[in-house]
Amino acid sequence: MNTLFISDIHLNPGRPKITEIFLEFLSNEATKAEALYILGDFFDSWIGDDVMDDFADTIAKALHQLVDKGVKVYLMPGNRDFLYGTLFEEKTGVKLIPDPTVINLNGTPTLLVHGDNLCSADRAFQIFRYFVRHPVLTWIFLHTPLTFRQKFAQYLRNKSTASNQKKSAYIMDVHQKTVEDMMRKYHVLHMIHGHTHDPKVVHFKLDGKDATRTVLGAWENDKYVLNSDSL
Ligand code: LP5
Ligand code: MN
C-alpha cells in the first residue's frame, strides 16, 4: 500500500477552487492510500480549535470520513498553523505529529519536517519563530478574545508579506548545512518537506553516502501529491 504526502494547501474560504480540489482528493485519490501525511500549512492560518466555523467544519468532516474508511491521516504543524489541539484531533480523526518526525517509508528511514526550521539563514524569521512558538506566549494568545486573535494573525500576515518582499531567494530557501545537520542528527538519508513552495528532488552526498531531499509543492492552482510509489 502507498503513502501520500502533501503540504502547503493553505486552505482558506477565499480559495474555493483549491478547497473543492482538496475535498475531491480526499474522497477519491486519498481513499486508495494506506496513510496520508499533511506536512504543515494545511490551513492558511489556525488561531485556535474554538474557531471551528462552517468552513473548518466541512474540512473536518471530510477528513473524518477518510479516517473512517481506514486511511491513517497525520498532520504536522506549519509556520501558519501550529496551534492545533486535541479538539481538532477529535473533530477530524487525524493524529497530530511533531516537527520533526521520522518514519519508516518502505524500509527507508525518512525525516519529515515542515521546512521552515531549515531556513536558518533567515535570522529575522527564526527569532520570530522562537517567540510565536513559545508555550507561554501561545497559551496567552489562545486565551485572548477571538476578534483580537483574528486581528493579530492578520497583522502578522501583513508584516510577513512586507518583509518577504525584501528578502533574497537565498535567505528564503533552506540552508544546506542545516539540512545535513538534521539528517545526521536523525540518522536518515532521506528527508521530505514543504514550506518553500519549490517542488524538487535534490540529491547530494552526506558523509560519502547518497542522500535525498524531496520538496513538496504548494497547492497553488492545482493539487500537489507525492506518492511513495514514485520514490
Ligand atoms: O507565511 P509566509 O509564507 O508569508 O512567510 C513565512 C514567514 N512568516 C511567518 C508569519 C506567518 O505568515 C503569520 C502567521 C500567522 C499565524 C497565526 C498565529 C499567531 C500566533 C501568535 C502566538 C504568540 O511565518 C516569513 C519567512 C517566510 O515564511 C519564508 O521562510 O520569511 O517570516 C517572516 O516574515 C518573519 C519576519 O522576518 C519577521 C516578522 C516581524 C513581525 C513583528 C511582530 C512581532 C510580534 C511578536 C509576537 C510574539
Ligand atoms: Mn510554511
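The values are calculated or read from the model by the stated rules, or taken from the named source; none is laboratory data. All values derive from a computational prediction rather than experimental measurement. Quick reminder, even Gly has a Cβ in these numbers, built from the backbone with ideal geometry, and neighbours come from all protein chains shown. Quick note on the areas: whole protein, heavy atoms, side chains included, nothing else; ligands and nucleic acids left out. Shrake-Rupley method; radii C 1.70, N 1.55, O 1.52, S 1.80 Å.
The phi torsions of segment 15-23, fed into the Karplus equation with coefficients 6.51, -1.76 and 1.60 and a -60° offset, translate into couplings of 10, x, 5, 5, 4, 4, 5, 5, 5 Hz, rounded to whole numbers, with Gly and Pro shown as x. Amide H contacts under 5 Å for TYR37: LEU4, PHE5, ILE6, TYR74, restricted to partners 5 or more places along the chain or on a different chain, H placed in the peptide plane at 1.01 Å from N.
Per atom type, the chain shows carbon and sulfur on 57% of its accessible surface, probed at 1.4 Å. Taking label points 7 Å from Cα along the Cα-to-Cβ direction, LEU137 and ASN227 give a separation of 4.2 nm.
Modelled this way, with points 7 Å down the Cα-to-C-beta line, the labels at LYS151 and LYS166 are 2.5 nm from one another.
Students often forget the sequence filter, so: which lysines lie under 21 Å Cα-Cα from LYS61 once same-chain residues fewer than 8 apart are removed? Once the sequence-local lysines are set aside, what remains near LYS61 is LYS17, LYS32, LYS69, LYS72, LYS91, LYS95, LYS223.
For the ranges 202-209, 80-87, 32-39, what's the packing order if you count other beta-carbon atoms within 10 Å of each residue, average per peptide, and put the highest first? Could the numbers behind the result be given before it?
Details: 202-209: 10.1, 80-87: 17.4, 32-39: 20.1.
Descending packing order for the listed peptides: 32-39, 80-87, 202-209.
Each of LEU23, ILE38, ASN2 was scored by the projection of its Cα onto the charge dipole of segment 1-54, and the greatest displacement toward the positive side belongs to ASN2; charges sit on the C-beta of Lys, Arg, Asp and Glu.
Ranked by solvent-accessible area (1.4 Å probe, protein heavy atoms only, all chains present), the residues THR212, THR161 order from largest to smallest as THR161, THR212.
Distant-in-sequence amide contacts of LEU96, defined by a placed amide H-H separation under 5 Å and a gap of 5 or more residues or a different chain, comprise LEU75. Within the same chain, lysines fewer than 8 places from LYS177 are excluded, and of the rest, those with a Cα less than 25 Å from its Cα are LYS166, LYS167, LYS185, LYS200, LYS205, LYS209.
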